[in-house]
Each structure stands twice: as C-alpha cells, then as structure tokens.
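All remarks here apply to the structure that follows.
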Amino acid sequence: MKNVLFYLITVLIWGSTWLGIKMQLGVVDPMVSVSYRFALASILLLSWCAVRKMNMRFSLREHGFMLLQGILLFGFNYFFFYKAELYVTSGLAAVLFSSILVMNILNGALFLGSAIDGKVVFGGMIGLIGMVLVFLPEISHFSFDNHGVRGAAFCILATLFASWGNITSARNQKNRLPIIQSNAYGMGYGALVMFVVALVSGKTFQIEVSAAYLGSLFYLAVFGSIVAFGCYLYLVGSIGADRAAYSTLLFPLVALAISTVWEGYEWSTASLSGVFFIILGNVFILTRKRVVPQGSPVLTDKLGISGETA
C-alpha cells in the first residue's frame with residue numbers, strides 16, 4: 001500500500017508541475033528560476049534537518065557524489081526542461097519525459113549491472129513510435145529552426161540528465177547516504193551550479209513579484225522538489241531506478257489533461273494514438289519479469305517501503 005501511495009503522490013504532483021514550470025517562464029531567465037527553486041528547497045530541507053538534529057557530517061567523497069546528483073538531477077535536468085517549454089506545450093514535454101523509463105533501464109544495465117531482456121527493447125520501440133506520432137506535426141515540418149523539434153531535443157536531453165541523476169541516487173543510497181540529507185545538499189549544490197552558470201552567462205538576476213510566479217515557485221520548491229523527489233527517490237532506492245520510473249506512465253495523462261484546459265491543447269488522431277503507444281510500450285516493460293539474485297536482501301527504508309510490486 002505504501003508503494004501505491006508514493007506512486008500516487010509522485011504522479012499527481014509531477015503531472016501538475018509542468019503547468020507550474022510554464023508559469024515560471026517570461027520575465028525571469030529559466031536558469032535563474034531553476035537556481036531560485038532549488039535554493040529555496042535546499043534551505044527548507046536543511047532547516048528541517050537542523051530542527052530534527054539529523055546527521056549532516058559526510059566525507060569529501062560523499063559530498064562529491066551528492067554534488068554529482070545535484071548537478072544532474074537538480075540542475076541541468078530542470079534547466080533544459082525550462083528551456084524546452086519555451087517551444088512546446090507542457091503536456092507534450094511530459095509525454096517525452098516518460099522515455100526516462102527506457103533510459104533508466106538502459107543506464108541501470110550500463111552503470112549498475114542490472115539485467116535487461118528483449119522485452120525491454122521491444123517496449124522501447126513501441127514508446128518511440130508513440131513519440132513520433134505525438135510530434136508528427138513538428139516532424140512533418142522538420143527544420144533546424146522549428147521550435148517543436150528544438151523543444152523535443154531539449155526534452156530528451158533533460159530526460160537523459162534526469163536518468164543519470166536517478167542512477168546516481170541509486171548508487172548513493174546503496175552506499176548508505178540518507179535521502180533527506182542527500183537531497184538537502186544536492187539541491188543546494190544544483191542551485192549553486194546553476195547560479196554560477198547563469199552568472200558567467202551574463203544572466204540578469206531578478207524576481208517577478210506576481211502571484212503566479214511566486215506561487216508557482218513555492219509549489220515547485222515544496223511539493224515538486226521536496227515532497228515529490230522524497231517519495232520518488234525512496235522508490236528508486238527500495239525497488240530500483242527502472243521500476244520507480246514506471247510512475248511516469250501516468251505523467252502524460254495528468255499533464256495533457258491540464259494542458260488541454262489551461263493551454264488549449266488540441267487532440268488529434270495521431271496524438272491520441274501516440275499516447276496510447278507510449279503507455280502500451282511502458283506497460284509492456286512494466287510486465288517484464290524482474291530478476292532478483294538469489295539470496296539478495298530486499299532494501300527497506302525507514303518508511304517501510306519494500307521491494308514489493310506497487
């Protein structure tokens with residue numbers, strides 16, 4: 001039941017954060033907004049750790065891996081997604097993000113030695129067909145100046161960084177780094193890196209004093225960052241990065257529903273078919289048999305999340 005609860009929290013929050021990200025665009029540069037978001041989240045998490053008197057002392061090597069997690073998962077990942085939403089609707093960006101399921105499986109095999117089989121490849125191909133159908137209008141008018149193609153490329157690049165961040169988090173948890181403290185430091189490191197990059201790039205640091213910007217910033221920092229990442233990364237550590245990514249199956253449904261209402265996204269036969277194929281491909285991967293080495297202990301965190309199927 002707890003796996004189901006964490007999946008639902010992750011899906012509902014991250015399925016709605018695409019609209020929040022959209023509200024961040026306009027006055028403040030995307031790179032600056034990313035630094036604001038994770039700086040706020042880091043400050044809140046560090047304060048929570050201080051109040052709860054959690055252990056905050058780690059070795060230089062451990063800080064190095066928390067820095068890597070921050071750069072990948074809380075830095076350039078979100079920067080590229082903010083950039084992507086300058087060119088594509090939030091719903092379409094969410095659909096492309098579902099490809100993290102395939103990326104996590106492949107990266108898990110590459111970096112963690114996780115086993116894969118032919119069903120994974122077949123499921124990925126079905127998902128790729130779905131992506132082509134969803135972006136059929138942009139693909140049919142392909143041009144290096146085409147905003148849709150540019151936005152799609154940013155989405156794929158951002159998803160790749162997110163997948164690497166997932167694998168890094170799985171590695172950190174395997175080495176007994178606590179999630180809350182890792183996120184607190186990692187988000188701070190991600191914010192700092194984005195701040196430095198923005199400074200070197202000559203970006204203007206300003207704040208948009210509006211209910212939409214400040215409200216979305218708070219929602220993204222507290223719910224989209226602290227709550228959702230806490231739930232999701234617990235799943236990454238307890239059941240693996242590949243299986244945790246299955247929660248992205250429902251992201252497109254939630255995000256496209258919101259996009260339909262708020263952005264006037266118009267459904268077509270191709271886009272509906274594309275969403276169907278993406279979900280079908282992901283479900284096909286979801287039903288693959290998980291190979292667990294005999295005698296291997298099942299990781300269980302202090303919240304009681306076990307290796308059971310959600």
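One equal scatterer on each Cα of the stretch 10-86, no solvent, Debye formula: the resulting log10 I(q)/I(0) at q = 0.21, 0.23, 0.25 Å⁻¹ is -1.05, -1.14, -1.21.
Here the chain is scanned for chymotrypsin sites (Phe, Trp or Tyr not before Pro) in DSSP loops (not H, G, I, E, B) that have at most 14 other Cβ atoms within 10 Å, and the longest stretch holding none of them is 1-141. Over the stretch 2-286, all Cα pairs binned in 5 Å intervals from 0 give whole-percent P(r) values of 1, 6, 12, 17, 20, 17, 13, 8, 4, 1, 0, 0, listed from short to long.
For the stretch 32-163, the convex hull spanned by the alpha carbon atoms encloses 146 Å³ per residue. Net charge dipole, the chain: roughly 1080 debye, given to the nearest 20, about the Cα centre with Cβ charges of +1 for Lys and Arg and -1 for Asp and Glu.
Counting every pair of alpha carbons in the stretch 169-227, the share spaced more than 16 Å apart comes to 61 percent.
Here, each number is a calculation from the coordinates, and none is a lab measurement. Bear in mind the structure is a predicted one, so any value in this text is a computation, not a measurement. When we count neighbours, we look across all protein chains shown, and the Cβ atoms used for this are built from the backbone with ideal geometry, even at glycine.
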